[in-house]
Every structure is written in C-alpha cells, then in structure tokens.
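Chemist: The structure that follows is given in the form of structure tokens.
The values are calculated or read from the model by the stated rules, or taken from the named source; none is laboratory data. Keep in mind it's a predicted model, so treat the numbers as computed, not measured. Don't worry about glycine lacking a Cβ; one is built from the backbone with ideal geometry, like all the others, and counts go over all protein chains shown.
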Amino acid sequence: MSASTPLSSPSHSRRYIAAAIAAVCLALIAGSLPRLSAHTAVVHQTEALSVPTVAVIAPDHAPLQQSLVLPGDVEAFQEANIYARTSGYLGRWLVDIGTHVHSAQLLAEIESPEIDAELAQARADAATASANYQIAKVTAARWEDMLKSNAVSQQSSEENVSTMKAKQAMLAAAQANVNRLQQLQSFEKVYAPFDGVVTTRNVDVGALIDAGNGGTPAALFKLAETDKLRVFVNVPQDNAADVTLGSRATVTLPQYPGRTFVGSVARTSGAIDPVSRTLRVEIDMANTDGSIPPGAYAQVTLALTAATATLSLPANALLFRPAGVEVATVDSKGRVQLMPVTLGRDFGTRVDIQTGLRGDERIIVNPGDAISDGQPVSINPHPTNAN
C-alpha cells in the first residue's frame, strides 16, 4: 500500500454499512407495500361480500274490493226428464233434440187402448150406480113419508134410508174411478212443463212406453231451460265470508276468447263442504241468445268485498318456517328482524296480512332460506324488480 493512500477511518465504514442497511430496508418496504395493499383490498372485499344486498318494499294497503278467479260449471236454470204417466205405445212424437218448446206444448202422444176401454167401462158403472142411487133415494123418501102416518115401521124406514146411502157411496166410488181413468187418459198426451230446449229424445214411434207398472220407466225426453243459466263455483273457506249476494260476477268461456258474460251471485249453500272446505255459490246469468250451452266449463271472476282493511304483500316476500309464516324486515341498524304474520286472502301473486305488521316496515323481497334473525344486510338503493 502506498504511503499516499489514506486509511479508512472506523466512522466512515460505519456510514457505509448504515447506508447499505437503509437501502435494503427501503427495498423491502417498497416490495411489501403492494402486497399489503392487495391484502387490505381482499379483506375489505370479503367483508363487503359477507353482507348480502337485499331489495325491500313497504306493505301495501289491500283494497276492500278484490277479484277472485275460479273454475265454474254451467247448468241450465231448470232441467227435467219427461216421463210418461200411462203405459202404452208411442203413437207419434212432435219434437226432436234442439227444438225450442213452450210451456204446455204437446211433445208426444201415447196410444193406450186398455185405458180407453177401462174408462168406458167405468163410465157405464158410474151410470148404473147413479140409476141405483136415484131409485134408492126415491124409495127412502117414500118410506119416510109413510112413517109419518105410522103406515110402516121405524126399522123398515131406516133400512131403506141406509140402502139409499150405500147406493150413494157406490156412486161416489164409481165416479172417482171415472176421474182416475180420465186422468190416466189425459196422460196419453205428453206436454212440456216449462219453456226450454229438448236436449234428449229416447223414444220413437211404436216404442213400448212403461209408466213403471211392471219395470223401470224410461224418460221420453229431457228438457232444459237455457235462456237463463246457473253457474256454480266453489269458493275457498278463506274467501267465503267476502261473498255477498247480488255482487257482480264475470264469466268467460274458452270457445269465446275476449268475450265476457255478466251475472250476479244469487245464492249460496250457507255451509262449508267438510271435504273440500269450500262454499258452494250459485251465479244466475242471462243467456237469451243461447250462446252458452249448459254443461260447459267456465272461468268465473268474483268481486269480493272485505269486511275490514288489511295490508298486502307479494307472495315472494313470505318465509314458510316450521314455526309458521314469517317475513324478514330490516331494522334501523341494518339488521334482519324476522316477524311472524297471519295470512288472509290469497290472490296468487299477493296475499293479505291480517296480523303481524304495522305498515311502516321494510320487507325483504325474495329472502333466502338461510336468512336469520340479526343478520346484517345492505339495502339495494336501486332494485330492479321488488315485486
């Protein structure tokens, strides 16, 4: 080493070492900062994802007037099978299926010669009984006159009076038999009991007509009154109390798309069917043009009037838990609060709430099955579809 080269002092060496250490530390810090930032971002993102975002709605006030859509059965206002009341052979029929008839219109005639012969004999018997009664009456009157002058005995006079009364009774019986056979003879003509349409004809000319004297009678015709119809619907028990007589009912049929028919609630069964838990409701409806055939399937929209105002929620806001029906609300601290509710009328997409809500709650829509009481949530300020 040259004498001119100065030796390094200890303090100078320590400065070099400190600078090197500082450089290494700065490098380490510079390299760890991105990792720390990324870790912090991951922590924040995890915390944000752990708090679900929910859409909330407020309960609506359910209108007192609601509509209930139910399937219905269309029936004729009156319908009857027309039977014969006398036996014989069908002489002729005057109406066929689809014929519109009026009350007391002749439908068919039955030939019953046995009834005609019996009636003729009964009339002859009645004439004989009348003649015998007249003779007995004159005889009894004569014997009563002779009794006044003591020309005959009291017993003989009373015997003749009794004979007269017996002949009178025989006359009454013979006349009653005539009336009975006249009634049977009148049944040889079959008349329509009311205005309607013949929907069935079961007999033809020459067919044996049995009025039930020796077998099971068969209906000659089936008659239905179609200018007025009855539509029957079964209203669920929950809605039965809201059905009022005279309320409007709208009827639609699949064969008439876009066309509606209007009727009104005429009567109810007044009792809940224990099997179906429904109330039988009858709707009367005019059918003057005959466009609706009896026996058709119809869809009936009933106008229901609730007795008291209630709150209403969409069906997708309900939680069906083992303890009962609940709704999930968000309190002022942003935490879930489960509230039990009592359901009222069910209209498919919306359900009336009878008890459990005040009306100012924030109700979570489409809550998850795992949602729990006290869980923190975040409210979506711009829900796309709350209902």
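Chemist: Can you name the residue in the range 129-141 that is touching a helix residue (DSSP H, G or I) at 6+ places or on another chain (Cβ under 8 Å) and over 13 Å from Ala169 (Cα atoms) and, of all such residues, is surrounded by the most Cβ atoms within 10 Å (Cβ to Cβ)?
Modeler: The residue in question is Ala140.
Chemist: Separate question: Could you please give the count of residues in the range 201-241 that are assigned to a loop (DSSP other than H, G, I, E, B) and either surrounded by fewer than 17 Cβ atoms within 10 Å (Cβ to Cβ) or out of contact with any Ser or Thr (no Cβ under 6 Å at 6 or more places or on another chain) (or both)?
Modeler: The total comes to 17.
Chemist: Pull up the range 79-118, narrow it to residues that are in contact with a helix residue (DSSP H, G or I) (Cβ under 8 Å, 6 or more places away or on another chain) and surrounded by fewer than 17 Cβ atoms within 10 Å (Cβ to Cβ), then point me to the one that is farthest from Asn179 (Cα to Cα).
Modeler: Top of the filtered list is Arg85.
Chemist: Residues of the range 72-104 being hydrophobic (A, V, I, L, M, F, W, C) and in a loop (DSSP other than H, G, I, E, B), which ones? Steps first, please.
Modeler: The first filter runs over the range 72-104 and keeps only residues hydrophobic (A, V, I, L, M, F, W, C), leaving 74, 76-77, 80, 82, 84, 90, 93-95, 97, 101, 104.
Passing the criteria: Ala84, Leu94, Val95, Ile97, Ala104.
Chemist: Out of the range 166-195, which residues are surrounded by 14 or more Cβ atoms within 10 Å (Cβ to Cβ) and within 16 Å of Asn132 (Cβ to Cβ)?
Modeler: Lys167, Gln168, Met170, Leu171, Ala174, Gln175, Asn177, Val178, listed by residue number.
Chemist: Based on this model, can you work out whether Val198 counts as closer than 30 Å to Gly98 by Cβ, surrounded by 14 or more Cβ atoms within 10 Å (Cβ to Cβ) and modelled with pLDDT of 90 or more?
Modeler: yes
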